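Participant: Attaching a single structure in structure tokens format; questions to follow.
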Amino acid sequence: MADMERDLAEHEETVKKAAADKERILTELNLATQIQEDALPHVFSPFPKRTEFSLYADMDPAREVGGDFYDFFLVDEDHLAIVIADVSGKGVPAALFMMVSKAILENNAMTGRSPGEILSSVNETICANNQSQMFVTAWLGILEISTGKVTAANAGHEYPAVCRAGGHFALVKNRHGLVIGGMEGIRYREFELFLRQGDKLFLYTDGVPEATNGSHELFGTDRMLSALNRHADESPRDILKGVRECVDSFVGGAEQFDDLTMLCLEYNGPVK
């Protein structure tokens, strides 16, 4: 009886300790989630005095924290940088790598260099100290606000989609570069696209086309474009809401396996 009482007491102590450890981990994960959310722009409209464009973005991690991120910021009065990226892996390691990658990318973008030069510099910095062997796919574009010209570079990321005013969304396919963190010495090609008044640019991570339903069927790019075109005449916020509703309807009750991140920008034209 004495042995049983002692074993029972030890078991109760073990259960209490496990419960306390679980509560501590959940508290820390909730805090990490809040820190990550705070690191991403979440005020819309972010530049209330700039009427030349409007945008909206959203990131929904598959776990408490994720590896996707988006960013946008004024490099100067006539140039807006737009970034969307996806870190390999999931959970806390991906989130930590995401925070580092985001800071390095923004610091390089603020130097005023071109997108290709920025991605090359970011790649060198990450490759120099990447013992975890993680990598990042990224699409970086710099909008010349006065003209609508977007100069962009792609490090292994999904193709963007563009909708001309009154038209339909379609993918803009340009050659990808290697993922950031994959190999030193990479140079990234640049390409240009021109936005006219009323045109929209849609960026996303692979969590959108690779969303999977209970039958293991992918949402796919075609469904994504169909969802975009169903809402093509709406605001960036409503376009993202519409796409997300289509994804959720397709997935149903299946578990979300990947982070889901989207950004949409509408070019309103230069100030007259």
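Participant: Where the second residue is surrounded by 20 or more Cβ atoms within 10 Å (Cβ to Cβ) and the first is farther than 22 Å from LEU55 by Cβ and lies in the stretch 244-272, which pairs have Cβ atoms under 6 Å and are six or more apart or on separate chains?
Facilitator: Pairs found: PHE250/PHE219; VAL251/ALA211; ASP258/GLY207.
Participant: Residues of the stretch 45-57 being out of contact with any Gly (no Cβ under 7 Å at 6 or more places or on another chain) and either surrounded by 14 or more Cβ atoms within 10 Å (Cβ to Cβ) or free of Cβ contacts under 8 Å to residues at least 60 places away in the same chain (or both), which ones?
Facilitator: To start, the set of residues in the stretch 45-57 that are out of contact with any Gly (no Cβ under 7 Å at 6 or more places or on another chain) comprises 45-51, 53-57.
Within the stretch 45-57, SER45, PRO46, PHE47, PRO48, LYS49, ARG50, PHE53, SER54, LEU55, TYR56, ALA57 meet the criteria.
Participant: Determine which member of the set ILE104, ILE82 is within 21 Å of GLY177 (Cβ to Cβ), in contact with a Ser or Thr (Cβ under 9 Å, 6 or more places away or on another chain) and of a type in the set (Val, Ile, Thr).
Facilitator: Values: ILE82 fails: in contact with a Ser or Thr (Cβ under 9 Å, 6 or more places away or on another chain).
So the residue among ILE104, ILE82 that is within 21 Å of GLY177 (Cβ to Cβ), in contact with a Ser or Thr (Cβ under 9 Å, 6 or more places away or on another chain) and of a type in the set (Val, Ile, Thr) is ILE104.
Participant: Here's something else I'd like to know. Test of understanding: among GLY67, GLY89, which residue is surrounded by fewer than 22 Cβ atoms within 10 Å (Cβ to Cβ) and not β-branched (Val, Ile, Thr)?
Facilitator: Numbers: GLY67 fails: surrounded by fewer than 22 Cβ atoms within 10 Å (Cβ to Cβ).
Testing whether each residue is surrounded by fewer than 22 Cβ atoms within 10 Å (Cβ to Cβ) and not β-branched (Val, Ile, Thr) leaves just GLY89.
Participant: Can you name the residue in the stretch 212-237 that is farther than 17 Å from LEU263 by Cα and either in contact (Cβ under 8 Å) with a residue 40 or more places away in the chain or not assigned by TED's automatic domain parsing to the domain that holds ALA254 (or both) and is also farthest from the chain's Cα centre (by Cα) among such residues?
Facilitator: GLY214
Listed here are the residues, each with its yes/no results for (1) over 24 Å from ALA232 (Cβ atoms); (2) surrounded by 16 or more Cβ atoms within 10 Å (Cβ to Cβ); (3) of a type in the set (A, V, I, L, M); (4) out of contact with any strand residue (DSSP E or B) (no Cβ under 9 Å at 6 or more places or on another chain).
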position	(1), (2), (3), (4)
SER101	yes, yes, no, no
ASN107	yes, no, no, yes
ARG113	yes, no, no, yes
ALA155	yes, yes, yes, no
VAL162	no, yes, yes, no
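The values are calculated or read from the model by the stated rules, or taken from the named source; none is laboratory data. Since this is a predicted model, take the numbers as computed values, not measurements. Quick reminder, even Gly has a Cβ in these numbers, built from the backbone with ideal geometry, and neighbours come from all protein chains shown.
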